[in-house]
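Asks: Please see the structure below; I have some questions.
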Amino acid sequence: MGLIIQAQPFFALNPGNVTANQITIKIAQTTTPSLRTLAAERGIKIGTAVRDLPLKNEPNYQKTLAEQFNIITPENVMKFEPLRPTPDSYNFEKADEMVAFASRNKMNLRGHVLVWHNQLPKWLKEKKLSRDEAISILRDHIYKVVGHYRGQIMAWDVVNEAMADDGRLRNTIWLQTIGPEYIEMAFRWAHEADPDAKLFYNDYGGEGRGRKSDAIYRLVEQLLLKKVPIDGVGLQMHVGLNYTPRPQEIANNMLRLSELGLEVHITEMDVKIQDGYGTRKERLVAQANIYRQMLQVCLKASNCKAFVMWGFTDAHSWIPQFTNRPDAALIFDENYQPKPAFYALVELLRQPVEVR
Ligand code: 9MR
């Protein structure tokens, strides 16, 4: 009986206090295989964004994270601003802690993010940069950061959100100072710094078909024609009960990217419920269906290798702060209890491949 309690990869959701003779029955009723075990059997990574503070301070956060996921993305600590407090100094402390946590728990990492227009340090935003200066700053940053983590990052989000919603390149500091070539430069520098890391272009709003996803497709197609080292496209998947791209369109988009030889990762999935209809319970069921559908699309696409959510507990999600409204967009509630969305993912991963 003791063997059953300790058997990995199962974990007790509500272990309770039971006597030795009751243990087998109790555990059988309340254990669920972990997402990471099931995902590994399906040949994909399942993951989440991770914040430094709860990782440091909340045992439940650490425990659930280690039990359930086999890939993590630092939510903020690898961004330009925290890593580069001054032009001449780098601060890797928090990011190093996360990398060490991943290593201890046999998890992979998605590095996030090398080139973005947000979360840039004040010294950089306020500086009047010549093209050469901008190139030098960005190149040094990429060499230094990717070099520091060489061999430890499975995939880097090299360029993030470079496309505007109208299908033109977003007018960012990098476009203004360097010009559109900043994108290919960034990929080449990242590849030089870590030839084994997979290099991704990552964006939101281009999951299904439409102007933005077509523009992203053309961008990566051009990069490949120029022999730029790019391995994949990240589909962020910040969606809500009222606006979720149709699964068939996402499948279609994944297929055309696979025909270019590119991988796809779902990189930042969450499902807002604040704009939906019905009781909370009904919304959580609708949310579970969306999570299920999106994982299903990924499982069916031969080039979809990772399914990463933008957090896992409603206690730590960017959405309430961003929308200024309460929400519950993730798969565990604020007390780290699994929600219908968690069970929907487990159930889908448990199904034999043929019936999916
Ligand atoms: O979740 C991140 C939040 O904590 C930060 O305040 C915010 C700053 O812009 O960035 C959030 O993460 C974003 C990610 O890096 C890129 N895609 C969109 C994510 C949500 O805004």
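The values are calculated or read from the model by the stated rules, or taken from the named source; none is laboratory data. Quick caveat: nothing in here was measured; it's all calculated off a predicted structure. In this analysis, Cβ positions are derived from the backbone assuming ideal geometry, glycine residues included, and neighbour counts consider all displayed protein chains. For accessibility, only protein heavy atoms count, side chains too; no ligands or nucleic acids. Shrake-Rupley method; radii C 1.70, N 1.55, O 1.52, S 1.80 Å.
Asks: Of the residues Ile319, Ile142, Ile290, which exhibits the maximal mean-square fluctuation in a Gaussian network model of the chain defined by a 10 Å Cα contact cut-off?
Replies: Result: Ile319 has the largest fluctuation of those listed.
Asks: Considering only the other residues whose Cβ falls under 12 Å of the Cβ of Gly234, what net charge follows from Lys and Arg at +1 and Asp and Glu at -1?
Replies: -4
Asks: While we're looking at this one, here's another question. Loop only by DSSP, 15 or fewer other Cβ within 10 Å of the Cβ. Give me the GluC sites (Glu not before Pro) in segment 257-338 that pass, ordered by residue number.
Replies: Answer in residue order: Glu334.
Asks: For the chain, state the semi-axes of the equivalent ellipsoid (square roots of 5 times the eigenvalues of the alpha-carbon gyration tensor), sorted largest first and rounded to whole angstrom.
Replies: The equivalent ellipsoid of the chain has semi-axes of 36, 23, 19 Å.
Asks: Something else about it: Based on the Cβ-Cβ distance of Val285 and Thr86, what FRET efficiency does E = 1/(1 + (r/R0)^6) give at R0 = 51 Å, to the nearest 0.05?
Replies: Efficiency at R0 = 51 Å is approximately 0.55.
Asks: Magnitude of the Cβ-charge dipole of segment 80-176, K/R +1 and D/E -1, about the Cα centre, nearest 20 debye?
Replies: 120 debye
Asks: Rounded, prolate or oblate: pick one for segment 39-88, where a ≥ b ≥ c are the square roots of the eigenvalues of its C-alpha gyration tensor, a/c under 1.5 means rounded, and failing that, prolate if a/b is larger than b/c, else oblate.
Replies: Oblate shape, in that a/c is at least 1.5 and b/c is the bigger or equal ratio.
Asks: Reachable lysines from Lys127, Cα under 22 Å, same-chain residues fewer than 8 places away excluded?
Replies: Lys79, Lys144
Asks: Let me ask another. Over segment 280-356, with every protein chain in place, what whole percent of the accessible area is carbon and sulfur at 1.4 Å, could you tell me?
Replies: Solvent-exposed carbon and sulfur of segment 280-356 make up 50 percent of the total.
Asks: Over segment 174-285, what is the relative contact order in percent, taking alpha-carbon pairs closer than 8 angstrom and at least six residues apart?
Replies: In percent, rounded to a whole number, it is 26.
Asks: Can you give me the relative contact order of the chain as a percent, contacts being Cα pairs under 8 Å and 6 or more apart?
Replies: Computed over the chain, the figure is 14 percent.
Asks: Need one word for segment 273-356: rounded, prolate or oblate. Basis is the Cα gyration tensor (sqrt eigenvalues a ≥ b ≥ c); a/c below 1.5 gives rounded, then a/b vs b/c decides.
Replies: prolate
Asks: Under a plain spin-label model, where a point goes 7 Å from the Cα along Cα-to-Cβ, how far apart in nm are Phe322 and Arg150?
Replies: Using points 7 Å along Cα→Cβ, the separation is 3.4 nm.
Asks: Express in nm, to one decimal, how much length is gained between Glu259 and Asn118 on full extension, taking 0.36 nm for each residue of separation and deducting their alpha carbon distance.
Replies: 47.6 nm
Asks: Enter the accessible area of Met154 (Å², nearest 10), with the probe set to 1.4 Å and all protein chains included.
Replies: 50 Å²
Asks: Go ahead and estimate [θ] at 222 nm for the chain from helices alone: -39,500 (n - 2.57) per DSSP H run with n ≥ 4, summed, over the residue count, rounded to 500.
Replies: Helices in the chain give a 222 nm mean residue ellipticity of -12500 deg cm²/dmol.
Asks: Among Pro338, Asn160, Leu175, whose Cα lies farthest out toward the positive end of the dipole of the chain, if unit charges sit on the beta carbon of Lys, Arg (+1) and Asp, Glu (-1)?
Replies: The listed residue farthest towards the positive side: Pro338.
Asks: What nm distance separates the two modelled labels at Ser103 and Gln222, each placed 7 Å from Cα along Cα→Cβ?
Replies: 3.9 nm
Asks: Students often forget the sequence filter, so: which aspartates and glutamates lie under 13 Å Cα-Cα from Lys56 once same-chain residues fewer than 8 apart are removed?
Replies: Glu93, Asp96, Glu97
Asks: Moving to a separate point now. Stokes-Einstein diffusion coefficient for segment 83-203 at 25 °C in a medium of 0.890 mPa s, Rh from the Kirkwood formula over Cα pairs: what value in µm²/s?
Replies: The calculation lands on 163 µm²/s.
Asks: For Gln119, what charge total do you get from the other residues with a beta carbon under 12 Å from its beta carbon, if Lys and Arg give +1 and Asp and Glu give -1?
Replies: Here the charged neighbours net out to +1.
Asks: For segment 169-178, in order, what is each residue's ³J(HN,Hα) by Karplus, 6.51 cos²θ - 1.76 cosθ + 1.60 with θ = phi - 60°, in whole Hz (x at glycine and Pro)?
Replies: 4, 5, 7, 9, 3, 6, 5, 5, 8, 9
Asks: Lys and Arg at +1, Asp and Glu at -1: add these up for the other residues within a Cβ distance under 11 Å of Leu330 and post the number.
Replies: -3
Asks: Given +1 on the Cβ of Lys and Arg, -1 on the Cβ of Asp and Glu, and no further charges, what dipole in debye does the chain carry about its Cα centre, rounded to the nearest 20?
Replies: 360 debye
Asks: Follow-up question, since we're still on this one. Rounded, prolate or oblate: pick one for segment 130-195, where a ≥ b ≥ c are the square roots of the eigenvalues of its C-alpha gyration tensor, a/c under 1.5 means rounded, and failing that, prolate if a/b is larger than b/c, else oblate.
Replies: Cα axes put segment 130-195 in the oblate bin.
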